[in-house]
Amino acid sequence: MRVLLISDVHANLTALEAVLNDAEAYEGVWFLGDLVGYGPDPNECIERIRALPDLVALMGNHDAATLDQLSTDAFNEDARQSVIWTRDALSPESVAYLGELPDKVKVVDDVTLAHGSPRQPVWEYILNAKTATENFFFFVTPFCFVGHTHLPRIFRLSDSRAQADLFVPIENACFELSPRLILNPGSVGQPRDRDPRAAYAIFDLETKMIEFRRVAYDVRGVQERMRQAGLPERHINRLEAGW
Ligand code: ZN
């Protein structure tokens, strides 16, 4: 089974459509959270995601904040503005859908999914090897897939080492996952690794092969919709540079 691995769509329908077109055949979709926040198309993205085949979807911190399940105290002012805009925009159906999402799930025997980290699924960022190493105690499967940092990353814990190794995955290179590791496919709707193209991965459940991929999309069109919606200028600008 080929699984489409996506995270942090952030209400960017154009980026999501580009990924779905580019991904070719897939039989299942694992979405790692943050469907909304930042972008101009929250209801459209929710409708598109929930119609995907064999979907497993998680709740992210922006989804939780939009539902008022998480305080926005730790958000910066622009992010808080975006949460308020999204709350106003969401339909009752969208609110109900987001409210049902879990924040961590063992999806198959070998894989756990969490938005931020297995230790603190909604909020913790795994940005370095030290944090990753601590998190290996908080899941039992060989692999854990996370989102939240918007950075494609692999943290591998080998038997002989006390600390996990950090790898930045190479685009379009296929490789076999070996236990144990924590992996982030990057962000569909708001990449932060100075590459504005949408990021995602394809995972083969049988062979354990994974491929990290990027696809360009019409950033300017999304920026235009954000401007019309009155969303914060900082969030509009960051899309074209990928930060
Ligand atoms: Zn996010």
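The values are calculated or read from the model by the stated rules, or taken from the named source; none is laboratory data. From a predicted model like this one, the values you see are computed outputs, not experimental measurements. When we count neighbours, we look across all protein chains shown, and the Cβ atoms used for this are built from the backbone with ideal geometry, even at glycine. Just the protein is used for accessible areas: all its heavy atoms, side chains included, with ligands, DNA and RNA removed. Shrake-Rupley method; radii C 1.70, N 1.55, O 1.52, S 1.80 Å.
Between Asn128, Asn21, Asn76, the GNM of the chain built on Cα springs shorter than 10 angstrom shows Asn76 fluctuating the most.
Each label point was placed 7 Å from the Cα along the Cα-to-Cβ direction; for Arg220 and Lys130 their separation is 4.4 nm.
Per-residue 3J(HN,Hα) values for segment 206-218, derived from phi via the Karplus relation 6.51 cos²θ - 1.76 cosθ + 1.60 with θ = phi - 60°, read 7, 8, 6, 8, 10, 10, 8, 10, 10, 9, 6, 9, 7 Hz in sequence order (x marks Gly and Pro). Over all Cα atoms in the chain, the spread is summed up by Rg and Dmax: 16.7, 54 Å.
If you take every residue apart from Val215 with its C-beta less than 13 Å away from the C-beta of Val215, what net charge results, scoring Lys and Arg +1 and Asp and Glu -1? Working shown, then result.
Numbers: positive: Arg197, Arg213, Arg214; negative: Glu17, Asp22, Glu24, Glu171, Asp195, Glu211, Asp218.
Net local charge, Val215 excluded: -4.
Per residue, the chain exposes 41 Å² of accessible surface when a 1.4 Å probe is rolled over the protein heavy atoms with every protein chain present. By DSSP, the beta bridges lying fully in segment 61-165 are antiparallel in about 60 percent of cases. Quick one: if the Förster radius is 30 Å, what FRET efficiency do Phe167 and Leu55 give, using the C-beta to C-beta distance and rounding to 0.05? For Phe167 and Leu55, the calculated efficiency is 0.60. Within the accessible surface of the chain, defined with a 1.4 Å probe on protein heavy atoms only, the carbon and sulfur portion equals 50 percent.
Within 12 Å, Cβ to Cβ, of Thr66, how many net charges do the neighbouring residues add up to if Lys/Arg are +1 and Asp/Glu are -1? Once all neighbours under 12 Å are counted, the net charge is -2. Between Gly147, Gly221, Gly60, the Gaussian network model of the chain with springs among Cα atoms under 10 angstrom shows the greatest mean-square fluctuation at Gly221. With both residues required to sit in the chain, DSSP beta bridges show an antiparallel share near 65%.
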